[in-house]
Protein chains: 2
Amino acid sequence: MTDTRNNLDTRERILDVAERLFMAAGYEATSMRMITGEAEVNLAAINYHFGSKEALLREVFRRRLAWLNSERLVILDELEAQAGAAALKPSQVLEAFFGTLLRMGEDPALGGMVFLRLLGRTLTDPADFIRTFFAGEYAEVIARYKRALFRSLPDVPKEEIIWRFHFMLGSMSYALAGTDMLQIVAGCEPNEASATNAEAARRLAARVMPFLLGGLRAPLPQFVDAVAQRDEAAGDAPARTVLTA
Amino acid sequence: MTDTRNNLDTRERILDVAERLFMAAGYEATSMRMITGEAEVNLAAINYHFGSKEALLREVFRRRLAWLNSERLVILDELEAQAGAAALKPSQVLEAFFGTLLRMGEDPALGGMVFLRLLGRTLTDPADFIRTFFAGEYAEVIARYKRALFRSLPDVPKEEIIWRFHFMLGSMSYALAGTDMLQIVAGCEPNEASATNAEAARRLAARVMPFLLGGLRAPLPQFVDAVAQRDEAAGDAPARTVLTA
DNA sequence: GTCTATATGTGGATAGAC
DNA sequence: GTCTATCCACATATAGAC
């Protein structure tokens, strides 16, 4: 805990730099020498403090996910306690799950947008040790929120809810990853999504939460044809029409 | 074009193996020796035929994306010709864009699910040469479909459509990537989504297209509060309610 | 076009002094 | 806990014979 160099622990400094470099270049393309160089620590320090490069990546995620997923459980507990015997609304469940995540982007102490982008980019990494790690970190919170969604949508087949939970995870993950695709879609502007500050997190939240809720509550597959016919009559209008109902 | 080994060109065999290995392990974690080993070609063959490992990756994608994105443009041309002066429905635009993609998963000659998974996993890769490559490959088709969506949703702010197009790309990309998250969400079954056959592509399409359309047509952000109130009265019911309207 | 042999660099990890 | 020095496996790429 004593600092021989500056106000930050060597161990913490390694984690901070690793988080940023893994985000910017990916795990495989980031060498331990790049990390120790930027962190201004000795090459051997990573193995001393973490044991291996793989263990370093796990620790980078563990310190953030431990907070995130325990916070998610606490919030869900609170919501369910308030609701008593009643089921939560889907929008409440989504707000608890994804809102908690997005709030990390506004707080640099929780990793900020750097961590959110890293998370989005790493969730699709095919490396076995990464998939295994995430499976363990997410198992409990996913199970709890899945049950909450089941209760909140009692008339929707559970299998459908499972798929849509997965699709929501995907939308969010990709949006956080912050590829250049948004800029390609948008045109040429150096877009807000590639920003890494707190304001970007808020803007993203405002845009993505309605999208997720719309997807979750979309017509069920077996009804899609019927809905298409209705939409044809209505001009396949945007959901603004809900206000006129 | 002459085969000294079997019925497949050396060049094509390299591309096929590279596609599969890049999918399974990622670009950085796949060595040229792994590729030439499985393809049973000489190590130097990659550099002879493609010039470099980076160029090999680009060619793996180019042979698939050239077909995909030109097909997308042809289909959009046909739809717009049929529609005449009328705007397309959003569902038609989505079907043309994402349906064409998903149909590749059913045809091994177009890469099948192996290519779709590779695409989903690579779209979030941070490597500069990959982002630059995708930007070029997608620019035209994205611009065309973006305009089609603008026309199909004239009352929705263009900025909102841009964001939702991006979110849809993300949902699809992540779903194709086929991480273990679906299995985590689902429970423990060796799930259908991790299958790589044509049937998996059809099942995914049936699940994801309604989700995308629901997200695209979700209430606009400024109306979310009002919709939440309506949903509260209606019990935040699933979209099955559209049938009763 | 294909192959062998090799150039040249970098990777993660560790032994052992301090 | 930190540092130097080093081990050794493996990477991409190429030169040049056939």
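Please go through the range A:42-74 and write out the chymotrypsin sites (Phe, Trp or Tyr not before Pro) that DSSP classes as loop and that have at most 14 other C-beta atoms within 10 Å. All intermediate terms of the calculation are to be shown ahead of the outcome.
Details: sites: A:Tyr48, A:Phe50, A:Phe61, A:Trp67; in loops: none.
Filter output for the range A:42-74: empty list.
In Å² (nearest 100), what accessible area is buried between A and B, both sides summed, heavy protein atoms only, 1.4 Å probe?
Roughly 7400 Å².
Extension gain B:Gln222-B:Arg202, at 0.36 nm per residue separation less the Cα-Cα distance, in nm? Walk me through the numbers before you get to the answer.
Details: separation 20, 0.36 × 20 = 7.20 nm, distance 3.55 nm.
Additional length available on full extension: 3.6 nm.
Charges only on Cβ, +1 for Lys and Arg, -1 for Asp and Glu: so what's the dipole of the range A:22-124 about the Cα centre, in debye to the nearest 20?
On the way: 11 positive and 12 negative charges, 58 e Å.
Magnitude of the dipole: close to 280 debye.
Take the solvent-accessible surface of the protein heavy atoms, probe 1.4 Å, and return the percent of it on the range A:61-218 that carbon and sulfur atoms account for.
Details: 2940 of 5480 Å².
Whole-percent figure for carbon plus sulfur exposure: 54.
Compute the convex hull volume of the Cα atoms of the range B:61-219, divide it by the residue count, and report the result per residue in Å³ as a whole number. Could you put the intermediate results ahead of the total?
Values: hull volume 18.7 nm³, N = 159.
Spread over its residues, the Cα hull of the range B:61-219 gives 118 Å³ apiece.
Per residue, how large is the accessible surface of the range B:61-219? Use a 1.4 angstrom probe and give square angstrom.
Values: 5490 Å² over 159 residues.
With the other protein chains kept in place, the range B:61-219 gives 35 Å² per residue.
Given N residues in the range B:1-51, what is its alpha carbon radius of gyration divided by 2.2 N^0.38 Å?
Details: Rg = 10.6 Å, N = 51, 2.2 N^0.38 = 9.8 Å.
Dividing the Cα Rg of the range B:1-51 by 2.2 N^0.38 Å gives 1.08.
Give me the residues in the range B:5-47 whose solvent-accessible area, probe 1.4 Å, is reduced by at least 40 Å² once all protein chains are included instead of the chain isolated.
B:Glu28
Answer with one residue from A:Gly136, A:Phe97, A:Phe211: the one whose Cα lies farthest towards the positive end of the charge dipole of the range A:61-218, charges on Cβ with Lys, Arg +1 and Asp, Glu -1.
Sorting the options by dipole projection puts first A:Gly136.
Using the crude model of +1 on Lys and Arg Cβ and -1 on Asp and Glu Cβ, and no other charge, please compute the dipole size for the range B:1-51 relative to its Cα centre, in debye to 20. Display every interim value, and only then the final one.
On the way: 5 positive and 8 negative charges, 22 e Å.
I would put it at about 100 debye.
The values are calculated or read from the model by the stated rules, or taken from the named source; none is laboratory data. Given the structure is predicted, the values throughout are model-derived calculations rather than measurements. Neighbour counts run over all protein chains shown; Cβ positions are idealised from the backbone, glycine included. For the accessible areas, the whole protein counts, side chains as well, though only heavy atoms, and no ligand, DNA or RNA atoms are used. Shrake-Rupley method; radii C 1.70, N 1.55, O 1.52, S 1.80 Å.
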